[in-house]
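First comes the structure, then the notes that go with it.
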Amino acid sequence: MPEPELIAARLRHWSDDAPQGPMTLELYPTLRCNLDCAFCDTTDRHRPPMDELPLARHLEILDEAAAMGARRVFILGGGEPLLAKELTPAIMRRVKQLGLEGILTTNGTLFPPALMDQVLDDGWDELHFSIDGADAETHDALRGVKGAFKRTVTHACRLRVLKERRGLSHPRLALHTVITEKNHHQLAAIVRLADALGAFRVDFDGLIAYRPEQRALALSPAQRRALVGYAQEGLVEAARLGVITTLDRFIDADGAARGEVSPPAPPPGLGLGSAPCLKAWHYLVVQANGRTSPCCVLAGEGESVAKTPLREVWERGAYLQGVRAGMLRGEPTPRCRECSPNILSHEAVIRDALNRSAG
C-alpha cells in the first residue's frame, strides 16, 4: 500500500504545469450484487447492468493508470465484483502483470477454486472480506441472505489452508465490518473471529444512513455511549491477538457518527497542506459505467473515462478541478460529511507528512 510519505512526496511535485498521476486507482467492475444488505449505501444495486465498461476498456484504463504512475489498484464493485465472473479475474491478472499492488473487496460468498488458485499463483496482495457479525445469525440478518456467513467463512478458511500448504504469506486477509445496532456489542468477538480466520486487520466503520432501513440500524444515543466500552474491549483483544483494528476511532461516543460533521479544515496558507482532504490529488475511482470521482462517497459524480483517456479526466476534468479548488478554499463538498473517519484519519497522516516536508 502506498505509504503516506510516498503520497506526500508525489504531492510535493504537483503543479498546474506538472500535475502528478493518481497513486491509487479504484475500480468497480459491476454494481450488481448477490446479497441484500440493509445498510448498503449503493442505492441502485438491484438494477440491471447499465453501460458497464467492457473488459477491453478496463484493461486499457489499467495500462493508462500504470503509465501515470499508479502503484495500487483497489477493486470493489459498488456491488459484488466477483459477480463479474470473467471480468474481475482478468482485471486482477492485469494488475499483477503491471507490477501493481492489488486489493480486492468482496462479500466472500463467491470465490471459485480457480480464482483461489489465481490469487495464490499471481501473488495477489490483499483480500478484504466483509463480515458484519461474529455469528451467522447476526451477519445473515444484516446481509439479507441466509447462509452468507457460512460461505464467506468457508472461503476464508480455505484460503488460510491453501496458503499454509504452499508456505505463502500472501494474499493477506482483512475483514471489514460496518457497526450497527445489531452488532455493536460483538466487536471483541469479531476480532477473535478475524484471528481464527487468519486476518491481520479488521476495518471497523460507521454506518451512513440514507434510507429508512439504514436509519433503523443506527445506534441510539445510549448505544453510542455503550460502544465506547465495547470498542475498548475489542482493542484489548486485538492487542492480545496481534490484530490491527480501527477501534481506536470509536472510543469516543461520537466516533460512530457519519454524515454529521464535515472534514476539519487545517490552518490556511499551507497550499495543498491546507486542504481538508487530499484524495482529489492522489486517488481516482472509476465506476462500472466509467464515471469518475476522487473517492467512494462521491462515486460517479465526475466525467466518464468510457471513451475519454484517463489522463485527460484526471488532469483537466471539470469535476475534479472543482473538487480540488473547493478543498484549497477549505470548502469540501456537502457530501464530504458522509466520509468515513478511517479515510479522514489516513488523509490527516498524509497532510501531516506533506506539511512536515514543507517545514
- Note on the structure: Whole-percent carbon and sulfur contribution to the accessible surface of region 201-359 (1.4 Å, no ligands, DNA or RNA) stands at 55 percent
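Give, in whole angstrom and from largest to smallest, the semi-axes √(5λ) of the equivalent ellipsoid of region 17-169, with λ running over the eigenvalues of the Cα gyration tensor.
Details: eigenvalues 145, 86, 35 Å².
So the three semi-axes of region 17-169 are 27, 21, 13 Å.
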- Message: Full-extension gain between Arg172 and His185, please, as 0.36 nm times their residue separation minus the C-alpha to C-alpha distance.
- Response: 2.0 nm
- Message: Please give the Cα centre distance for region 54-123 versus region 310-352, rounded to the nearest Å.
- Response: 25 Å
- Query: Among the lysines, which have Cα under 20 Å from the Cα of Lys96 when same-chain residues fewer than 8 positions away are ignored?
  - Reply: Lys85, Lys163
- Query: Out of (1) 27, 56, 17, 0; (2) 25, 52, 22, 1; (3) 29, 62, 9, which label holds the value of P(r) over Cα pairs in 20 Å bins from 0, in percent that was computed here?
  - Reply: (3)
- Query: Can you list the lysines whose alpha carbon is less than 26 Å from that of Lys182, not counting same-chain residues fewer than 8 positions off?
  - Reply: Lys146, Lys150
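Kindly sort Asp252, Asp195 by accessible area of their heavy atoms, largest first, with the probe set to 1.4 Å. Kindly include the intermediate steps, with their values, before the conclusion.
Details: Asp252 85, Asp195 55 Å².
Sorted by accessible area, descending: Asp252, Asp195.
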- What does the accessible area of Ser169 come to, in Å² to the nearest 10, when a probe of 1.4 Å is used? 80 Å²
- Among beta bridges assigned by DSSP with both residues in the chain, the antiparallel ones amount in percent, to the nearest 5, to 10 percent
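Using heavy-atom solvent-accessible surface (probe 1.4 Å) with all chains present, what is the largest-first order of Glu303, Glu347, Glu5? Let's see the in-between values first.
On the way: Glu303 60, Glu347 0, Glu5 100 Å².
Listed by decreasing accessible area, they come as Glu5, Glu303, Glu347.
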- Item | Accessible surface ranking that places the most exposed of His58, His346 first, with a 1.4 angstrom probe | His346, His58
- Compute, for Trp14, the solvent-accessible surface of its heavy atoms (probe 1.4 Å) with the complete set of protein chains present, and express it in square angstrom to the nearest 10. 50 Å²
- Taking a probe of 1.4 angstrom, what is the accessible area of Ile343 in Å², to the nearest 10? 40 Å²
- Two-site label geometry, Gln118 and Leu241: point separation in nm, points 7 Å out along Cα→Cβ: 3.0 nm
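Dividing the convex hull volume of the alpha carbon atoms of region 66-108 by its residue count, what do you get in Å³ per residue? Intermediate results must be reported in sequence, preceding the final value.
On the way: hull volume 3.0 nm³, N = 43.
Normalising the Cα hull of region 66-108 by residue number yields 70 Å³.
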- Rounded to whole Å², per residue accessible area for the chain with a 1.4 Å probe reads 42 Å²
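The values are calculated or read from the model by the stated rules, or taken from the named source; none is laboratory data. Only a predicted model underlies this, so the values are computations on that prediction, with no experimental measurement involved. Glycine gets a Cβ as well: all are built from the backbone with ideal geometry, and neighbour counts include every protein chain shown. The area values use the complete protein model at the heavy-atom level, side chains included, leaving out ligands, DNA and RNA. Shrake-Rupley method; radii C 1.70, N 1.55, O 1.52, S 1.80 Å.
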